[in-house]
Amino acid sequence: MTAPLSIYVLVDALGWEVLRYRPFLDDLWAERRWLVTILGYSSGAIPTILTGQTPSQHGHWNLIYRDPARSPFGWTRPLARLPKPLVENRVSRRVLKSVARRASGYSGYFSLYDYPVAHLPQFDLTEKRDIYTPGGLDAPSIFDDLRAAGIPYECYTYHTHTDPEILALAPARAESTAARVLFLYLSGLDHHLHYHVHEPESVSQMVAWYEAGLRRVWEAAHRARSDVRMFVFSDHGMTPIRWTYDLRRDVQATGLRLLDDYLPAYDSTMARFWVENDRARATLTALLEDHPCGTLMSDRELQRLGVWFEDGRYYHMLFLMKPGMLLSPSDMGTVRFAGMHGYHPSEPTADAVLLATAPVDKAVDHITGVRGALLEDLGLATWERAA
């Protein structure tokens, strides 16, 4: 008798509001619900899905964190003395990224975006290893569970394949594999929504393309076996952008000195600050606590959201933009995106999804519950919700 197969599909940015009024394999699902996500980006949300823990617990949150003592970019310090046009251009940054990646030895997601070259020696990258492998995170993940239980699996991600390639090869693997689990990470929808979330027809066409691809996977699996289950889940949604604001300009106008008084990281939906003295903290607080474009987050709220870090490696102060307001320009680029994620989890367009052909416990209402749902499917654990 052919062994059962569970197909786990992580679709980046497949938000509840994206699917809410669109068909998507509706004839398959025993469960179709939204999930609350975390504050932050995929760099924190996907580890949260894989571990069932909050970023405060598993340690992965933003793309970069401050650690000058162990920064793999210390060798770039002399570049700070060069004229900015010489180092802050597309060609130079491409070369810098290539050299830095080889020098670091990191195998995870690697991008420097537009973080200033002069600031790089202050930072390290969070994702040092491929998180879609056992031992890829600093906390046990679903991949560690599979290895510990001796469950054979296949995993396909952007590290080796594009989405079209994954959806082209997955049906054959679903039909012929001896593995118990087929894990697919599809990242292309996120890119499409960043540019086209305001275009309903374009979004519908892209969703339909993923639907058709996954149906082929499902049907291929059923040709080989009767016991097939599929779980489709996401890390976050996508919020349409309505306005942009240059917060860096306001901060520079305070007269605070970079590196002497503070170090900033201007992400797309939030600004993070490390302060060097009380004057810098007081000045930034005065600027940001009543700023019309967002909220200076309290320590208590950050703790409640599971993104508080006692050592301050990700920030000392965090300013979160209002939903639909984009930091532009930012250290993540100058593109005025149509959509962005990384707003407060209470924003409805931030919600992720969970779709399953098998029943899922009603307590699963947050992305921390996905790992427990998958373990239950495999018969490895009862339902657990991260504290």
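Per this entry, Leu296 is not counted among residues that are out of contact with any Phe, Trp or Tyr (no Cβ under 7 Å at 6 or more places or on another chain) and more than 30 Å from Glu211 (Cβ to Cβ).
Annotation: Ser328 fulfils all but one of (1) in contact with a strand residue (DSSP E or B) (Cβ under 8 Å, 6 or more places away or on another chain); (2) modelled with pLDDT of 95 or more; the unmet one is (2).
Starting from residues that are among the hydroxyl-bearing types (Ser, Thr, Tyr) and closer than 26 Å to Val9 by Cβ, keep the ones in the stretch 110-141 and report whichever is surrounded by the fewest Cβ atoms within 10 Å (Cβ to Cβ). This residue is Ser111.
Only one of these is in the same structural domain as Pro23 (by TED's automatic domain parsing), aliphatic (A, V, I, L, M) and modelled with pLDDT under 95: Ala220, Ala224. Name it. Break it down stepwise before answering.
On the way: Ala220 fails: modelled with pLDDT under 95.
Every option except Ala224 fails the conditions.
Residue count for the stretch 350-365 satisfying the condition of being more than 23 Å from Leu182 (Cβ to Cβ) and buried (at least 22 other Cβ atoms within 10 Å of the Cβ): 2.
Comparison of Asp144, Asp163 shows that the only residue that is of a type outside the set (Lys, Arg) and buried (at least 20 other Cβ atoms within 10 Å of the Cβ) is Asp163. When we screen Ala352, Ala363, Ala356, Ala381 for residues that are in contact with a Ser or Thr (Cβ under 8 Å, 6 or more places away or on another chain) and on the phi < 0 side of the Ramachandran plot, the only hit is Ala352. Return the total of residues in the stretch 361-387 being under 17 Å from Asp145 (Cβ atoms), modelled with pLDDT of 95 or more and part of a loop (DSSP other than H, G, I, E, B). Looking only at that region, the number is 1.
A quick yes/no check of all residues on (1) charged (D, E, K, R); (2) modelled with pLDDT of 80 or more; (3) more than 28 Å from Pro329 (Cβ to Cβ):
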{"position": "Val95", "(1), (2), (3)": "no, no, no"}
{"position": "Tyr109", "(1), (2), (3)": "no, no, no"}
{"position": "Gly136", "(1), (2), (3)": "no, yes, yes"}
{"position": "Ala139", "(1), (2), (3)": "no, yes, yes"}
{"position": "Leu146", "(1), (2), (3)": "no, yes, yes"}
{"position": "Ile151", "(1), (2), (3)": "no, yes, yes"}
{"position": "Arg180", "(1), (2), (3)": "yes, yes, yes"}
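Based on this model, can you work out whether Ser42 counts as in contact (Cβ under 8 Å) with a residue 40 or more places away in the chain and within 23 Å of Arg101 (Cβ to Cβ)? Yes, satisfied. Check Asp290, Asp235 and return the single one that is modelled with pLDDT under 95 and not in a helix (DSSP H, G or I). It is Asp290. Kindly indicate which of Ile46, Ile7, Ile64 is surrounded by 17 or more Cβ atoms within 10 Å (Cβ to Cβ), of a type in the set (Val, Ile, Thr), over 30 Å from Glu201 (Cα atoms) and in contact with a strand residue (DSSP E or B) (Cβ under 8 Å, 6 or more places away or on another chain). Going through Ile46, Ile7, Ile64 in turn, the sole match is Ile64. Restricting attention to the stretch 259-294 and to residues that are farther than 24 Å from Thr334 by Cβ and surrounded by 17 or more Cβ atoms within 10 Å (Cβ to Cβ), the residue that is nearest to the chain's Cα centre (by Cα) turns out to be Val275.
May I ask you to verify whether Tyr113 is at positive phi, touching a strand residue (DSSP E or B) at 6+ places or on another chain (Cβ under 8 Å) and either assigned by TED's automatic domain parsing to the domain that holds Asp145 or part of a loop (DSSP other than H, G, I, E, B) (or both)? It is true that Tyr113 is at positive phi, touching a strand residue (DSSP E or B) at 6+ places or on another chain (Cβ under 8 Å) and either assigned by TED's automatic domain parsing to the domain that holds Asp145 or part of a loop (DSSP other than H, G, I, E, B) (or both).
Scanning the stretch 295-314 for residues that are on the phi > 0 side of the Ramachandran plot and crowded, with 17+ Cβ neighbours inside 10 Å returns a single hit, Gly306.
Being farther than 20 Å from Thr269 by Cβ, in contact with a strand residue (DSSP E or B) (Cβ under 8 Å, 6 or more places away or on another chain), among the aliphatic types (A, V, I, L, M) and not in a loop (DSSP other than H, G, I, E, B) is a property that holds for Ala221. Restricting Leu5, Leu82, Leu50 to residues that are over 17 Å from Leu305 (Cβ atoms), touching a residue at least 12 places away in the same chain (Cβ under 8 Å) and more than 22 Å from the chain's Cα centre (by Cα) narrows the list to Leu5.
The values are calculated or read from the model by the stated rules, or taken from the named source; none is laboratory data. Since we're looking at a predicted model, the values are computed, not measured. For neighbour counting, all protein chains shown are included, and Cβ atoms are generated from backbone atoms with ideal geometry for every residue, glycine included.
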